[in-house]
Amino acid sequence: MKIVSVVGARPNFMKIAPIIRAVTSQPSIEHLLVHTGQHYDEKMSKSFFKDLGIPKPDVNLEAGSGSHARQTAEIMMRFEPVLLKYKPDLMIVVGDVNSTLGCSVVASKLRVAVAHVEAGLRSLDRDMPEEINRLVTDSITDIFFTTSPDADQNLIKEGIAKNRIFFVGNVMIDTLMHNLNKASQSKILHNLHLKPRGYALLTMHRPSNVDDPQILKRLAGALAAINQDIPVVFPVHPRTRNNLKHPALKNLNAQLSRLKLIEPLGYLDFLSLMTNARFVLTDSGGIQEETTVLGIPCLTLRENTERPITVTQGTNVLVGSDPKKILSEVKKILAGRHKKGRRPKYWDGKSARRIVETLMKLKKNNRLLLVPQR
Ligand code: UD1
């Protein structure tokens, strides 16, 4: 079986790492790794390949940044010749970034079977570009690998046949479990002069939080207030760094500079910070899942989540961008009154193995494509 797997942006790398390990351990599989180049900085891309032991991509499309249409179009134009030349049986995409959508469309039209890892998640919020990416990708996916039963239900509601949906668990947690030991050797706490449980960790880069200066200002005010009770460590995403320069935030600059603003971190350093944090504030998707498994309280700076299992079973609480709600939840955590949570089913480190076993079975039975080619 010939497989192409695609990565493009930061959250893709930790999802593909265990899949590549599982795929390349099968002598009957020939594998090609394509990086679209959606993310390209050392800190947003290369350092993850190093930390996670992902082999150098066989092809880098170097599509780069741009508006949604431009970036997606670049990815599609550059990906098509690769698929035409390599002629795989199957393409694996992960998550919900523009690369996921662009490459799925290309593969689907060339009648290459599309396997979507992390299929079926829905925030029902179409203001999120990722929600559009999830909907479009799943509308042309052939094989759906899901992380939670709610995702299966979403797909079934959208008319997907049950025998195309495979609940395999969470590959991001495969990566977390594989790297916990290594992360414990990170020097990041020492370098930042932090003590275990003595700080809060923040990530924030969603356009809905950082592109509107008024919302960003409101959030920045709440963060400055939290920082008076407990130091806030904030690895700043390039999108956020640009937007923090807006004149509307000028009055907050002095307060914000008291937060520990640092460059984006590699996987192992970030995992070490997350494992030792008192709590995490985030608008990321994956971090809601990782904190659930680590048992670290997580306050999500969003009104909704496509990962509701982290709220119903995990440590996650949705706080949106309302400073009052944020500060009241922080107070609860600091008083020791936070959700304890438990680990969802199949978030056990074996998801990539389940994925590859399923793919080999489907190939053997000639069932990779949802609708066979005429
Ligand atoms: C993308 C994903 C988002 C994911 C996030 C993680 C989409 C629609 N969004 O958002 O789901 O959570 O990645 O980071 O695919 N930039 C750099 N260096 C880089 C890459 C980007 O400086 O290596 C800057 C550029 O100014 C760029 C901006 O960041 O314009 C945004 O990058 P982009 O890939 O468009 O979206 P993200 O906000 O990173």
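Throughout, read-outs are computed from the coordinates displayed, never taken from laboratory work. On a predicted model such as this, the values are computed, not experimentally measured, just so you know. FYI the Cβ positions are ideal-geometry reconstructions off the backbone, even for glycines, and counts take in every protein chain you see.
How high is the relative contact order of the chain, given as a whole-number percent (alpha carbon pairs under 8 Å, six or more residues apart)? Spell out each step's value before the answer.
On the way: 712 pairs, mean separation 62.8, N = 374.
So the answer I get is 17 percent.
Here's how it looks for ILE262: its modeled amide H is under 5 Å from those of PHE234, VAL236, which are all 5 or more places away or on a different chain. In this rough spin-label picture, where each label sits 7 Å from Cα along the Cβ direction, the GLN153-LYS361 distance is 2.4 nm. Compared with the dominant principal axis of the Cα atoms in the chain, helix 351-364 is inclined by about 20°.
Return the subset of LYS195/LYS260; LYS87/LYS361; LYS157/LYS340; LYS182/LYS350; LYS162/LYS345; LYS56/LYS345 for which the Cα-Cα distance in this structure is over 25 Å, preserving the input order.
Checking Cα-Cα distances, LYS157/LYS340; LYS56/LYS345 exceed 25 Å.
Here the Karplus relation 6.51 cos²θ - 1.76 cosθ + 1.60, evaluated at θ = phi - 60°, turns the backbone of segment 87-101 into coupling constants of 6, x, 7, 7, 10, 9, 10, 10, x, 8, 8, 4, 5, 4, 5 Hz, with x for every Gly and Pro. Counting Lys and Arg as +1 and Asp and Glu as -1, what is the net charge of the other residues whose Cβ lies under 14 Å from the Cβ of LYS50? That sum, taken over residues with Cβ under 14 Å, equals +1.
The angle separating the long axis of helix 10-24 from the principal Cα axis of greatest extent in the chain is about 40 degrees.
Residue-wise HN-Hα couplings along segment 66-79, as the Karplus relation 6.51 cos²θ - 1.76 cosθ + 1.60 with θ = phi - 60° gives them from phi, are x, 5, 4, 5, 5, 4, 5, 5, 4, 4, 5, 4, 7, 7 Hz; Gly and Pro carry x. Remark: ILE160, ILE75, ILE16 ranked as ILE160, ILE16, ILE75, counting other beta-carbon atoms within 10 Å and listing the fewest first. Straight Cα distances below 18 angstrom link LYS324 to the aspartates and glutamates ASP229, ASP283, GLU303, with same-chain residues fewer than 8 positions distant left out.
The C-alpha atoms of the chain define a longest principal axis, and helix 213-229 lies at about 60 degrees to it. Computed over neighbours whose Cβ is under 11 Å from that of LEU362, the net charge equals +2, Lys and Arg +1, Asp and Glu -1. Net charge in the neighbourhood of GLY295 (other residues with Cβ under 11 Å of its Cβ; Lys, Arg +1, Asp, Glu -1) is +3.
Considering only Cα-Cα distances, which of the following residue pairs are longer than 27 Å: LYS15/LYS250; LYS15/LYS187; LYS85/LYS364?
LYS15/LYS250
As a check on your grasp of the helix formula, calculate [θ] at 222 nm for the chain: sum -39500 (n - 2.57) over DSSP H runs of n ≥ 4, divide by the residue count, round to the nearest 500. Let's see the in-between values first.
Details: 17 runs with 170 residues, N = 374.
It lands at -13500 deg cm²/dmol.
Bridges between two residues of the chain, per DSSP, are antiparallel at a rate of about 0%.
So how do MET44, MET76 line up by other beta-carbon neighbours within 10 Å, fewest first? With the sparsest Cβ surroundings first, the list reads MET44, MET76.
3J(HN,Hα) along segment 335-344: 8, x, 9, 10, 5, 8, x, 9, 7, x Hz, from the Karplus curve 6.51 cos²θ - 1.76 cosθ + 1.60 with θ = phi - 60°, whole Hz, x for Gly and Pro. Fewest-first ordering of ILE156, ILE29 by other beta carbons within 10 Å of each residue's beta carbon gives ILE156, ILE29.
Between ALA352, ALA222, ALA248, the GNM of the chain built on Cα springs shorter than 10 angstrom shows ALA248 fluctuating the most.
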